[in-house]
Amino acid sequence: MRPMWDTLWLGAHLATMTQGEPYGAIRDGAIGVKDGVIAWIGPRADLPGAADTLATRVHSCDGAWITPGLIDCHTHLVFAGNRAGEFEQRLNGASYEEIARAGGGIASTVAATRAASLHDLVASAEGRLEGFKADGVTTIEIKSGYGLDLDTERRMLQAARELAAVQHIRVRATFLGLHALPPEYRDNRGDYVDLVCNEMLPALAAEGLVDAVDAFCETIGFSVEEVARFFEAARALGVPVKLHAEQLSNQNGAALASSHGALSADHLEWLDDAGIEAMAREGTVAVLLLGAFYFLRETKLPPIEKLRTAGVAMAVATDCNPGTSPLTSPLIAVNMACTLFRLTPEEALAGMTRNGAKALGLQNEVGTLEIGKAADFAVWDVGEPAELAYWLGAAPLRERVFAGEVVA
Ligand SMILES: [Zn+2]
């Protein structure tokens, strides 16, 4: 008789990240995988038969811990060039203004990205993706937003799709149309917002390139009125929304996003009580971005305790981008969530698994180890799950498993 599962994973403790027990832990657990999906999970002692009769392959883990594959729900992974030169200039005493006047800042990334081919964008992103894979990431969100014209935004989103096709990773592609004002629209910003809402978004959505939209709501970004127009256009097309909100000042962006049923509001250092209340009411995920907080040497903390008390789900992400967060290690973000924002290790890990999935609308597919979810997981050489938040730069990953298969 044919075994009922393709693979049976044995000899590991499981941090299922379901709610209830700490980490949803199952000591000496077992996972049965069929067609890339978790078909059975529980204590090894409860297996419905002898291991070698249950699956075609038995994979023994020798005391490791298995968690859901990590989910980085906020990155700008696709871009050309980098800003290491500006980083160096600043540390040699140059001001932001001097760098901006010389064509630096986001304008330099936009210029480099516009000049890059699809092949170049994929190749440079693949290099950065290695760090994420080495930290057990199986799902990543990638935003556009360095093209700010239709052709380049399309190329960025195509690069995100291409990465999913060749890299054994789930990718959600987000159209960040309102990221910055392109230089050619400096004196007529209304026309740019029109272009994004009326031409770019409908075209890119029709091509199947847009899983969500995002915007940068800030005094140096876009106003709540401009963002609201963009969100209305997205919702008319059935596209979910996300928002960079309350990073540098309180613009009431999180409340706006929540009122549009946003999957998440991200950054949130300046989030106020009304914003927390709106997020709790609408089930909007709070995405905490440690890399930017660290890199910009911010001191204003997001209201973690109030978010916790209000029951707002908190996700943790790298925000990997060339300007404010050149961070390619999700596990470092998990560590920083504990050291800088005082999350517990369990909260931080939930932020990169269960709540990361929710911030992408993927909570029924990934983010926990449960029957019916994708068999995306990470096998770790650690004695306890808290070690994933504790070590800084330890590389504890033993195996990355995507849709039931061990992948590089
Ligand atoms: Zn961002």
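The values are calculated or read from the model by the stated rules, or taken from the named source; none is laboratory data. None of these values were measured; they are calculated from a predicted model. Here Cβ is always computed from backbone atoms with ideal geometry, including for glycine, and neighbour counts include all displayed protein chains. Heads up: the accessible areas ignore ligands, DNA and RNA and are worked out on the full protein's heavy atoms, side chains in. Shrake-Rupley method; radii C 1.70, N 1.55, O 1.52, S 1.80 Å.
Table for the structure above
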| read-out | value |
| --- | --- |
| Helix axis angle, 330-339 relative to the chain longest principal axis, alpha carbon, degrees | 80 |
| Spin-label model distance (nm) - Asn92 vs Val58, 7 Å beyond Cα toward Cβ | 6.3 |
| Accessible surface of the stretch 1-139 [probe 1.4 Å, protein heavy atoms]: carbon and sulfur percent | 54 |
| Counting DSSP beta bridges with both ends in the chain, the antiparallel % (nearest 5) | 45 |
| Histogram of C-alpha separations across the stretch 15-82, 5 Å bin width, % | 4, 12, 20, 21, 14, 9, 6, 6, 5, 2, 1, 0 |
| Reachable lysines from Lys133, criterion Cα separation under 25 angstrom, eight or more residues apart if same chain | Lys34, Lys143, Lys242, Lys358, Lys373 |
| Accessible area per residue in Å² at 1.4 Å probe, computed on the chain | 40 |
| Gain on full stretching of the segment that runs from Arg2 to Ala102 - 0.36 nm per residue minus C-alpha separation | 29.2 nm |
| Estimated distance in nm for a label pair at Arg308 and Asp35, the labels positioned 7 Å out from Cα along Cα-to-Cβ | 4.2 |
| Taking the chain and dividing mean pair separation by its residue count, relative contact order in percent (alpha carbons under 8 Å, at least six apart) | 19 |
| Cubic angstrom per residue, convex hull over Cα atoms of the stretch 157-260 | 110 |
| Translational diffusion of the stretch 1-136, µm² s⁻¹ [Kirkwood Rh, Cα pairs; Stokes-Einstein; 10 °C; 1.306 mPa s] | 83 |
| Highest-first arrangement of 394-403, 214-223, 45-54, where packing means the average Cβ count within 10 Å | 214-223, 394-403, 45-54 |
| Gaussian network model of the chain, Cα within-10 Å springs - most flexible of Leu343, Leu209, Leu237 | Leu237 |
| Accessible area (Å², 1.4 Å probe, nearest 10) - Ile26 | 40 |
| GNM result for the chain, Cα springs below 10 Å: residue of Gly177, Gly393, Gly11 fluctuating most strongly | Gly393 |
| Helix 224-236 vs. the chain, principal-axis angle (Cα, 0 to 90°, nearest 10) | 50 |
| Cα-projected label distance for Thr339 with Glu21, points at 7 Å along beta-carbon direction, nm | 3.1 |
| Span from the the stretch 353-382 Cα centroid across to the the stretch 5-58 one, whole angstrom | 15 |
| Order of exposure, largest accessible area first, which applies to Thr284, Thr56 with probe 1.4 Å | Thr56, Thr284 |
| The chain, helix-only ellipticity at 222 nm - DSSP H runs n ≥ 4, -39,500 (n - 2.57), divided by all residues, nearest 500 | -10000 deg cm²/dmol |
| Sequence-distant residues sharing a close amide H with Ala80 (under 5 Å, placed H) | Thr113 |
| Calculated P(r) tail over 37 Å for the chain, as whole % of Cα pairs | 22 |
| Under the Debye formula (equal points on every Cα, no solvent term), log10 I(q)/I(0) of the stretch 290-358 at q = 0.23 Å⁻¹ | -1.03 |
| Accessible-area composition of the stretch 342-408, carbon plus sulfur, in percent [1.4 Å probe] | 53 |
| Spread of Cα-to-Cα distances over 5 Å intervals beginning at zero, given as percent, for the stretch 158-200 | 5, 20, 21, 13, 12, 13, 10, 5, 1 |
| Normalised alpha carbon radius of gyration of the stretch 254-408 [divisor 2.2 N^0.38 Å] | 1.05 |
| Accessible-area ranking of Glu184, Glu346, largest first, probe 1.4 Å | Glu184, Glu346 |
